[in-house]
Amino acid sequence: MTFAATPIAFIGGGNMASAILGGLLREGLDPKLVDVVDPGAPARERLAREFGVTVHETAGAALARSAIVVWAVKPQIFRDAARAAAPHTSRALHLSVAAGIRSDSIAAWTGSERIVRSMPNTPALVGLGMTALYARSAVSAEDRNVVQQVLAPTGATLWVPQEQQLDAVTALSGSGPAYVFYFIEAMTRAGVEMGLPEEQAQALAIGTFRGASELARSSQEPPAVLRERVTSKGGTTYAALTSMDESRVADHFVQAMHAACRRAAELGDEFGRDAT
């Protein structure tokens, strides 16, 4: 299909929907082909003003033209939103960016088997997101290509073969930006305690994460080797890493990610009930 001429609907108009929508419009999608459903008047006003798209307070017959429906609602309201839209969107390709809600539930609520679940992350807002995707068996190769076109402006994508793996993705990359911000905060605080102005300490922390991430991405060496190259026995980095090892920072970090993975699975159980 010619994507720039493809009608698309967004159910939910928050940050992630805006990131996807903004990228698509920059790539040439006609705003007249876009419908956004959001119950919040301020959100609708912002979307209409910034993007020139058609906004709706509730799902209605206008959605019937949509070839693609992007689900960008909170898990706790997904079921009600899906049931309201289902009479008008059963023939569409459905792309969910909602955490935790499993495709079986989405299929039951929407009446469609053409469902792709995704787990994006917030760097999508600046075109540097990392999104994992899972497709049900009814999703064709063309459907997969369309989904990748939808998400391309937000960053990189990868497909996982098993839906359960999205829980691990949620813990790793979906929640991952928060871990990075957490360490940036800690590094900034340490810098201030050691005598640097806060602005300089934060700039150093952010720049270090940016540079180290790019080095890890572009290098053929694994992160462990890159770490070892920075670490001279008896040096400053060695002192810092030894302190972290003694405090079992890595073990605690891994445990924290397991907690996030468990919570992702719990969301599916909690908000995916009454799927039939």
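The values are calculated or read from the model by the stated rules, or taken from the named source; none is laboratory data. Predicted model only: the values in this text are computed from it and were never measured. Virtual Cβ from ideal backbone geometry, glycine too; neighbours counted across all protein chains shown.
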Checklist entry - Quick one: which of 81, 48 is assigned by TED's automatic domain parsing to the domain that holds residue 111, of a type outside the set (Ser, Thr, Tyr) and out of contact with any Ser or Thr (no Cβ under 9 Å at 6 or more places or on another chain)? => result 81
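Tell me whether the range 40-55 contains one or more residues that are assigned to a loop (DSSP other than H, G, I, E, B), touching a helix residue (DSSP H, G or I) at 6+ places or on another chain (Cβ under 7 Å) and within 29 Å of residue 169 (Cα to Cα).
No, the range 40-55 contains no residue that is assigned to a loop (DSSP other than H, G, I, E, B), touching a helix residue (DSSP H, G or I) at 6+ places or on another chain (Cβ under 7 Å) and within 29 Å of residue 169 (Cα to Cα).
Quick one: in the range 210-236, of everything that is among the β-branched types (Val, Ile, Thr) and surrounded by 11 or more Cβ atoms within 10 Å (Cβ to Cβ), which residue is farthest from the chain's Cα centre (by Cα)?
231
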Checklist outcome for this item: Of (1) touching a strand residue (DSSP E or B) at 6+ places or on another chain (Cβ under 8 Å); (2) surrounded by 13 or more Cβ atoms within 10 Å (Cβ to Cβ), residue 22 satisfies every one except (1)
Checklist outcome for this item: Residue set 102, 44; condition buried (at least 18 other Cβ atoms within 10 Å of the Cβ), charged (D, E, K, R) and more than 26 Å from residue 136 (Cβ to Cβ); output residue 44
Checklist outcome for this item: Of the residues in the range 114-147, those that are over 11 Å from the mean Cα position of the chain (by Cα), among the hydroxyl-bearing types (Ser, Thr, Tyr) and either surrounded by fewer than 17 Cβ atoms within 10 Å (Cβ to Cβ) or within 26 Å of residue 209 (Cα to Cα) (or both) come to 137, 140
Checklist entry - Listed residues 125, 95; which is outside any helix (DSSP H, G or I) and within 25 Å of residue 156 (Cα to Cα)? => result 95
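In the list 270, 246, which residue meets the criterion of being outside the structural domain of residue 83 (by TED's automatic domain parsing), among the charged types (D, E, K, R) and modelled with pLDDT of 95 or more?
The unique qualifying residue is 246.
For every residue, the table says whether it meets (1) part of a helix (DSSP H, G or I); (2) surrounded by 18 or more Cβ atoms within 10 Å (Cβ to Cβ); (3) at positive phi.
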| site | (1), (2), (3) |
| --- | --- |
| 149 | yes, no, no |
| 158 | no, no, no |
| 163 | no, no, no |
| 173 | yes, yes, no |
| 177 | yes, no, no |
| 191 | yes, yes, no |
| 195 | no, no, yes |
Item to check | Condition met for residue 162 (modelled with pLDDT under 95 and either touching a strand residue (DSSP E or B) at 6+ places or on another chain (Cβ under 9 Å) or closer than 26 Å to residue 90 by Cβ (or both)) | outcome: no
